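Visitor: Please see the structure below; I have some questions.
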Amino acid sequence: MKSIKLSASILAANFMQMGNEVDAAINGGADWIHVDVMDGVFVPNITLGIPFVEGVKKISSAPLDVHLMIVQPERHVAAFIEAGAEILTVHCENNPNIHSILTEIQRLGAKPAVALNPGTPAEMVEPLLPFVDMVLVMTVNPGFGGQKFISHTLKKIRTIRNWIDEARLKVDIQVDGGINEETIRLCSEAGANIFVAGTSIFRNPVGYGRAVRSLREAAKSAAR
Ligand code: DX5
Ligand code: ZN
């Protein structure tokens with residue numbers, strides 16, 4: 001079975017308590033910390049940048065999974081890796097140099113990943129599969145936490161999982177947006193194995209530990 005990982009998206013955490021929030025998510029069992037970087041151009045929202053990643057790196061014992069939703073990511077990948085990004089994800093949309101950016105990320109010592117929005121066809125990432133550690137299939141339109149899962153994206157997860165398996169590649173499929181106990185099952189069944197969760201961890205009344213455990217159990221029980 002593919003290894004299942006939960007990446008806690010701190011966009012849904014309490015920003016005034018970030019140190020405690022990161023600790024609590026890791027103590028609760030989260031495997032990675034997911035950092036959403038938005039520039040107000042690639043997506044409508046503005047969030048966090050390089051100094052923030054540097055700060056979280058100092059306190060996090062878990063790998064930082066940094067999701068860049070910015071234009072011209074090639075201008076910033078080196079700085080994000082230096083700041084502590086272990087997994088660095090760039091979008092394939094409007095990005096004619098995506099292949100060279102991904103190989104550059106690898107050369108700089110981080111794990112390259114490519115993301116695609118709900119409106120982007122799976123074919124956009126097929127030529128990139130041999131050059132990435134992970135494909136991020138967005139299950140909402142990027143920009144904000146707390147949105148509703150778009151179930152049509154499941155078909156795309158299945159298609160990409162089949163390509164990866166047919167080519168005998170070792171590439172993870174990550175999903176991001178609207179992941180809860182119910183949608184995580186659907187994504188896991190479709191072939192995803194890394195799950196970003198913001199609202200369903202940080203805003204879950206049952207507490208982070210129980211939230212992470214139930215998500216993991218749900219993903220495991222549906223894994224193919
Ligand atoms: C959306 C971000 C997500 C977001 C997920 O653009 O990429 O990582 O924080 O939040 P939830 O889990 O609340 O949908
Ligand atoms: Zn994200």
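Visitor: I want to confirm something. Restricting to the stretch 112-156 and keeping residues that are under 25 Å from Phe202 (Cα atoms) and small (Gly, Ala, Ser), which single residue is farthest from the chain's Cα centre (by Cα)?
Guide: Checked the stretch 112-156; the qualifying residue farthest from the chain's Cα centre (by Cα) is Ser151.
Visitor: Additional query: I'd like to verify a number: residues in the stretch 186-209 that are without any contact (Cβ under 8 Å) to a residue 40 or more places away in the chain and away from ligand 1 (no atom under 13 Å from the Cβ), how many? If you could, list the steps in order and put the result at the bottom.
Guide: Applying the first criterion (without any contact (Cβ under 8 Å) to a residue 40 or more places away in the chain) to the stretch 186-209 yields 186, 189-191, 200, 204-206.
This time we only want the ones that are away from ligand 1 (no atom under 13 Å from the Cβ), so: 186, 189-191, 205-206.
Qualifying residue count, the stretch 186-209: 6.
Visitor: Of the residues Val66, Val37, Val53, Val22, which single one is within 15 Å of ligand 2 (Cβ to nearest atom), in a helix (DSSP H, G or I), touching a strand residue (DSSP E or B) at 6+ places or on another chain (Cβ under 7 Å) and not small (Gly, Ala, Ser)?
Guide: Values: Val66 fails: in a helix (DSSP H, G or I); Val37 fails: in a helix (DSSP H, G or I); Val22 fails: within 15 Å of ligand 2 (Cβ to nearest atom).
None of the other options fit; the residue is Val53.
Visitor: Would you confirm whether or not the stretch 36-46 contains a residue that is among the acidic types (Asp, Glu) and within 16 Å of ligand 1 (Cβ to nearest atom)?
Guide: Our first condition is that a residue be among the acidic types (Asp, Glu); within the stretch 36-46, this holds for 36, 39.
Remaining after also requiring within 16 Å of ligand 1 (Cβ to nearest atom): 36, 39.
Yes, the stretch 36-46 contains a residue that is among the acidic types (Asp, Glu) and within 16 Å of ligand 1 (Cβ to nearest atom).
Visitor: Follow-up. Hey, could you check the stretch 75-104 for residues that are more than 16 Å from ligand 1 (Cβ to nearest atom), within 16 Å of the chain's Cα centre (by Cα) and outside any helix (DSSP H, G or I) and say which is farthest from Val135 (Cα to Cα)?
Guide: The qualifying residue farthest from Val135 (Cα to Cα) is Gly84.
Visitor: Listed residues Val137, Val90, Val56; which is in contact (Cβ under 8 Å) with a residue 24 or more places away in the chain and farther than 22 Å from Val43 by Cα? Quick ask: steps written out before the conclusion?
Guide: Values: Val137 fails: farther than 22 Å from Val43 by Cα; Val90 fails: farther than 22 Å from Val43 by Cα.
None of the other options fit; the residue is Val56.
Visitor: Here's something else I'd like to know. When you scan the stretch 1-23, how many residues do you find that are under 18 Å from Arg213 (Cβ atoms) and open to solvent by 40 Å² or more (accessible area, probe 1.4 Å)?
Guide: 4
Visitor: Check Thr159 against each of (1) within 14 Å of ligand 1 (Cβ to nearest atom); (2) in contact with a helix residue (DSSP H, G or I) (Cβ under 6 Å, 6 or more places away or on another chain); (3) not aliphatic (A, V, I, L, M) and name the one condition it does not meet.
Guide: Result: Thr159 passes all but (1).
The values are calculated or read from the model by the stated rules, or taken from the named source; none is laboratory data. Remember, predicted model here, so these are calculated numbers, not experimental data. All Cβ positions, even for glycine, are placed from backbone atoms using ideal geometry, and neighbour counts span all protein chains on display. Note: areas computed on protein heavy atoms with side chains; ligands, DNA, RNA excluded. Shrake-Rupley method; radii C 1.70, N 1.55, O 1.52, S 1.80 Å.
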